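What follows is one structure encoded as structure tokens, with my remarks underneath.
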Amino acid sequence: MANNRSWDPTAQAVIEKAHEQGFSTAFSRAEGMKPCPIGRAGSCCSFCFMGPCRMVGKDREQLTGICGAKPATIAARNLARWIAAGAASHSDHGRDMAIALRETARGKAQGYQIKDVKKLHATARYLNVKTEGRTKEEIAIDVANAALAQWGQQEGEIICLSRAPKARQEVWRNLGIGPRGVDREIVETLHRTGMGTDQEPEHILMHALRTSLTDGWGGSMLATDIGDILFGTPNPVRSKVNLGVLKEDEVNIVVHGHEPLLSEMIVQAADDPEVVAYARSKGAKGINLAGICCTANEVLMRQGVPSAGNFLNQELAILTGAVDAMVVDVQCVMQALQGLSTKFHTKLITTSKKAKITGATHIQFDEHEALPIAKLIVKMAIENFPNRGKSEIPEELDDLVAGFSHEYISYMLGGVYRASFRALNDAIIEGRIKGVAGIVGCNNPRTVQDQGHNYLTRKFIENDVLVVQTGCGAIASAKVGLLTPEALQYAGPGLREVCEAVGIPPVIHLGSCVDNSRILTIATNMVTEGGLGDDISDLPAVGIAPEWMHEKALSIGAYFVASGVYVLFGGGPSPVEDSPEVTDIIARVWEEKVGGKLDFEPDFDEILRKSLEHIEKKRRALKLGNWAPGKYARTFITPQELARRGETALQE
Ligand code: NFS
Ligand code: SF4
């Protein structure tokens, strides 16, 4: 077994040991299975059963499928379908959140409450729901119904688009890519990409952008806002990360997947004195909750529940032998967990109406009886505690600070009375902060776990670029202490100064992958704050998914491109590598049309170089210079301070 599967020594040790003992993991399976070179490069069409047709051969001009489809059409159709599937995942999650809100407001969803009334009002405002003289329940019912209507809307534009900068809305309108309804665009992608419909690559891919917008400015944005209404808008919270969060003497329950609906109830259930007493009666000192993947991020952001790690840690958690129950819902849950859990005492519990795994225990979640179901699950874990055999929990665990929301950032930057993004914009205008990089997305065993995330994060902050994160990328940074104020030691002098003054870390954890919508909101706030152009595409900013694997990542990447951002995907080759035409459309053509482009760049140093170059290009276009203290702060900077910075005279 090759070394170096993970950048995280804790994971690396668990993986090596597991392989020595004959267990397979995603790491060993990835080594044993080479990716199909045809499918991997976007050159296989399996959309009808005259085929599947493979576009292989030297003379690409001559290649066609049985129906005559050309390689570029096939690559474009593949990419469009992946994006639609990703948008479907996030949006379906958002839909369930809206239903839960409605049932809560009707008094039919046990255990939930409308926790954040301020956020409810803010959401009501943009969804055009009246608030004056109404109870929070009345407002919430209308907010939920207005949100749900976004999925089924057939004409017009989804409402959240109105939250984007005006110039961006114009771009979408002029191109006709403002989504009409969430479900409609996703269905239309499936229709267009089936045998014999849309066969012009650029036309297909413009619709793919439209579909992706239903995710970022639709399903995901609503999922985030409704999550905040039900469970509270995040505020900074300290917690711990890595496999060391599991406890030898307590019942360990790991929540894994994506939706916060059940995991939030499990947090409540595990706090119930009667349930805790039951755990004690079984010989445990208490109940210990931990998360994996984005469920971890959801309960970490709002409740401070520690994270046992990101995507590639899911099997490793079970391999410790210390997990009494792993409770999963939807997305990013490996089927391999089932076989692995039977080799230990771990109970794998599936909970979603949408997702079962053969051999796992299914306890179906229903928001109407959320708390009793959560208690049942926790009790099942407790009853499994005495069955625990030998366990080996790695000691390592790191501190982290999570829980940033755009609301909190603007409060941090401006205080209660002047909450705004002014301070951030000024720092960028002055050049203390060069720009912003969103580093997000998955792990992928085809690249060293966490390496891309952490290498790039370190390099960006060194270069005075503020980093915002979500998803598994944020957990990667947490594992090496990059989500703490101490990470300032790695930051460049300008970024460090701003972060110290404002009291923020240089790497900001914004939540789960649906919370990438928070990055859209932050970008919009930066634009409307003034001084950095009229549109998101003017900002000195980039988006990066260094270790992506899921279709959801492609959807996120596409909606950032459609919002005007340069997006780089790293770690592996392009999924449309074989098609120069499609590669050109998603880069040059998209940039001409929407101001953002999609680049698949396996090499991390190249990602860094291209990103910094892009940030500089945007700064030049905005006529922003380098940080020159004398220019902006002549009267405030003492000679001693200048000497400390290594400058001898005031600069003009
Ligand atoms: Ni995002 Fe979250 Fe992780 Fe990738 Fe999966 S957990 S929704 S898809 S693997 S970042
Ligand atoms: Fe082959 Fe065309 Fe069918 Fe695709 S749609 S499988 S290219 S015949």
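If the chain between Gln169 and Lys353 were fully stretched, how many nm would it gain, using 0.36 nm times the residue separation less the Cα-Cα distance? Please list the in-between numbers first.
Values: separation 184, 0.36 × 184 = 66.24 nm, distance 3.66 nm.
Result: 62.6 nm gained on full extension.
Of Ser574, Val527, Trp7, which is farthest on the positive side of the dipole of the chain, counting Cα position, with +1 on Lys and Arg Cβ, -1 on Asp and Glu Cβ, and the Cα centre as origin?
Toward the positive end, the furthest listed residue is Val527.
Only residues of the range 322-350 count here: report those whose backbone N is under 13 Å from the spot 7 Å along Cα→Cβ of Lys17, or say none.
It comes to 322-323, nothing else.
Using each residue's phi in the range 238-254, evaluate 6.51 cos²θ - 1.76 cosθ + 1.60 at θ = phi - 60° and report the 3J(HN,Hα) Karplus result to the nearest Hz, with x for Gly and Pro.
Whole-Hz 3J(HN,Hα) from phi for the range 238-254: 8, 7, 10, 9, 3, 4, x, 6, 6, 10, 4, 9, 10, 6, 9, 10, 9.
At a Förster radius of 51 Å, what calculated FRET efficiency corresponds to the Cβ-Cβ distance of Thr135 and Thr197, to the nearest 0.05?
0.60
Anything over 23 Å Cα to Cα? Flag those among Lys166/Lys597; Lys17/Lys354; Lys282/Lys390; Lys17/Lys390; Lys343/Lys552; Lys459/Lys618, in the order listed. Walk me through the numbers before you get to the answer.
On the way: Lys166/Lys597 20 Å; Lys17/Lys354 34 Å; Lys282/Lys390 17 Å; Lys17/Lys390 14 Å; Lys343/Lys552 31 Å; Lys459/Lys618 19 Å.
Over 23 Å Cα-Cα: Lys17/Lys354; Lys343/Lys552.
What is the extension gain from Lys115 to Glu392, computed as 0.36 nm multiplied by their sequence separation minus the C-alpha to C-alpha distance, in nm to one decimal?
Details: separation 277, 0.36 × 277 = 99.72 nm, distance 3.88 nm.
Fully extending the segment from Lys115 to Glu392 adds 95.8 nm.
For the range 507-581 and the range 30-94, write down the distance between their C-alpha centroids in whole Å.
23
Let me check against my output: what whole-number percent is the relative contact order of the range 408-632, with C-alpha pairs under 8 Å and at least 6 apart? Kindly include the intermediate steps, with their values, before the conclusion.
Values: 436 pairs, mean separation 50.8, N = 225.
Here the relative contact order equals 23 percent.
Where a ≥ b ≥ c are the square roots of the eigenvalues of the C-alpha gyration tensor, would you call the range 357-416 rounded, which needs a/c under 1.5, or, failing that, prolate if a/b is larger than b/c, or oblate?
Values: a/c = 3.38, a/b = 1.58, b/c = 2.13.
It comes out oblate by the Cα gyration axes.
How do Cys36, Cys44, Cys513 rank by accessible surface area computed with a 1.4 Å probe, from largest to smallest? Please list the in-between numbers first.
Working: Cys36 75, Cys44 40, Cys513 20 Å².
I get Cys36, Cys44, Cys513, largest accessible area first.
So, counting K/R as plus one and D/E as minus one, what does the shell of residues with Cβ under 14 Å around Ala84 add up to? Each step should come with its number before you reach the end.
Details: positive: Arg77, Arg81, Arg184, Arg192, Arg210, Lys552; negative: Asp92, Asp183, Glu185, Glu188, Asp198, Asp215, Glu551.
It works out to a net charge of -1.
If Rh is defined by the Kirkwood formula over all Cα pairs and Rg also comes from Cα, what ratio Rg/Rh do you get for the range 64-231? Can you show the working numbers first?
Values: Rg = 18.1 Å, Rh = 16.9 Å.
The Rg/Rh ratio comes out at 1.07.
For the range 243-387, which whole percent of the accessible surface, found with a 1.4 angstrom probe, sits on carbon and sulfur atoms?
With neighbouring chains kept in place, the figure for the range 243-387 is 49 percent.
Restricting things to alpha carbons, tell me how big the range 381-440 is in terms of Rg and Dmax, in Å.
Spelled out, the Cα radius of gyration and Dmax of the range 381-440 are 21.5, 61 Å.
Please state the relative contact order of the range 435-487 as a whole percent: Cα pairs under 8 Å, 6+ residues apart? All intermediate terms of the calculation are to be shown ahead of the outcome.
On the way: 59 pairs, mean separation 24.4, N = 53.
Relative contact order of the range 435-487: 46 percent.
What distance in nm lies between label points placed 7 Å from Cα along the C-beta direction at Leu190 and Arg609?
Distance between label points: 4.4 nm.
For the range 306-463, just say rounded, prolate or oblate: build the C-alpha gyration tensor, square-root its eigenvalues into a ≥ b ≥ c, call rounded for a/c under 1.5, and beyond that prolate if a/b exceeds b/c, oblate if not. Provide the component values of the computation, followed by the final result.
Numbers: a/c = 2.64, a/b = 1.83, b/c = 1.44.
Here the range 306-463 falls in the prolate category.
Cα centroids of the range 161-198 and the range 404-446: how far apart, whole angstrom?
Taking the Cα centre of the range 404-446 as reference, the centre of the range 161-198 is 28 Å away.
Cα-Cα pairs above 47 Å in the chain: how many percent?
In whole percent, the long-distance tail amounts to 14.
Among residues other than Asp535 whose Cβ falls under 12 Å from its Cβ, what is the net charge (Lys/Arg +1, Asp/Glu -1)? Could the numbers behind the result be given before it?
Numbers: positive: Lys166, Arg168, Lys618; negative: Glu170, Asp534, Asp538.
Net local charge, Asp535 excluded: 0.
Let's test the formula: R0 of 41 Å, r as the Cβ-Cβ distance of Asp584 and Gln154. What FRET efficiency results, to the nearest 0.05? Present the calculation step by step, with values, prior to reporting the outcome.
Working: r = 33 Å, r/R0 = 0.82.
Step by step, r from the Cβ atoms, then E = 0.75.
Roughly how many debye, to the nearest 20, is the charge dipole of the range 386-462 about its Cα centre, given +1 on each Lys and Arg Cβ, -1 on each Asp and Glu Cβ, and no other charges? Please list the in-between numbers first.
Numbers: 9 positive and 10 negative charges, 54 e Å.
It works out to roughly 260 debye.
By its C-alpha gyration tensor, with a ≥ b ≥ c as the square roots of the eigenvalues, how is the range 420-504 shaped: rounded for a/c under 1.5, else prolate for a/b larger than b/c, else oblate? Mind showing how you got there, number by number?
Numbers: a/c = 2.23, a/b = 1.99, b/c = 1.12.
Since a/c reaches 1.5 and a/b is larger than b/c, the shape of the range 420-504 is classed as prolate.
Provide the FRET efficiency to the nearest 0.05 for the Arg29-Phe49 pair, computing r from the beta carbons and using R0 = 30 Å. Provide the component values of the computation, followed by the final result.
Numbers: r = 29 Å, r/R0 = 0.97.
Result of the calculation: an efficiency of 0.55.
Which whole-number percent is the relative contact order of the chain (Cα, under 8 Å, 6+ apart)? Display every interim value, and only then the final one.
On the way: 1413 pairs, mean separation 101.0, N = 652.
Relative contact order, the chain: 15 percent.
With a sphere of radius 13 Å drawn around the Cβ of Gly359, what net charge do the other residues whose Cβ falls strictly inside it have (Lys, Arg +1; Asp, Glu -1)? Walk me through the intermediate numbers first.
Values: positive: Lys343, Lys347, Lys356; negative: none.
Every neighbour counted, the sum reads +3.
Out of the total accessible area of the range 111-229 (probe 1.4 Å, heavy atoms of protein only), what percent is carbon and sulfur?
Numbers: 2310 of 4660 Å².
Answer for the range 111-229: carbon and sulfur cover 50 percent of the accessible area.
Can you give the calculated 222 nm mean residue ellipticity of the chain, where each DSSP H run of n ≥ 4 adds -39,500 (n - 2.57) and the sum is split over every residue, rounded to the nearest 500 deg cm²/dmol?
On the way: 28 runs with 307 residues, N = 652.
Helices in the chain give a 222 nm mean residue ellipticity of -14000 deg cm²/dmol.
How much area per residue is accessible in the chain when the probe is 1.4 Å and only protein heavy atoms are counted (Å²)? Mind showing how you got there, number by number?
Values: 24580 Å² over 652 residues.
Heavy-atom accessible area per residue stands at 38 Å².
The values are calculated or read from the model by the stated rules, or taken from the named source; none is laboratory data. None of the values given here were measured: they were computed from a predicted structure. FYI the Cβ positions are ideal-geometry reconstructions off the backbone, even for glycines, and counts take in every protein chain you see. The accessibility values were calculated without ligands, DNA or RNA, using every heavy atom of the protein model including side chains. Shrake-Rupley method; radii C 1.70, N 1.55, O 1.52, S 1.80 Å.
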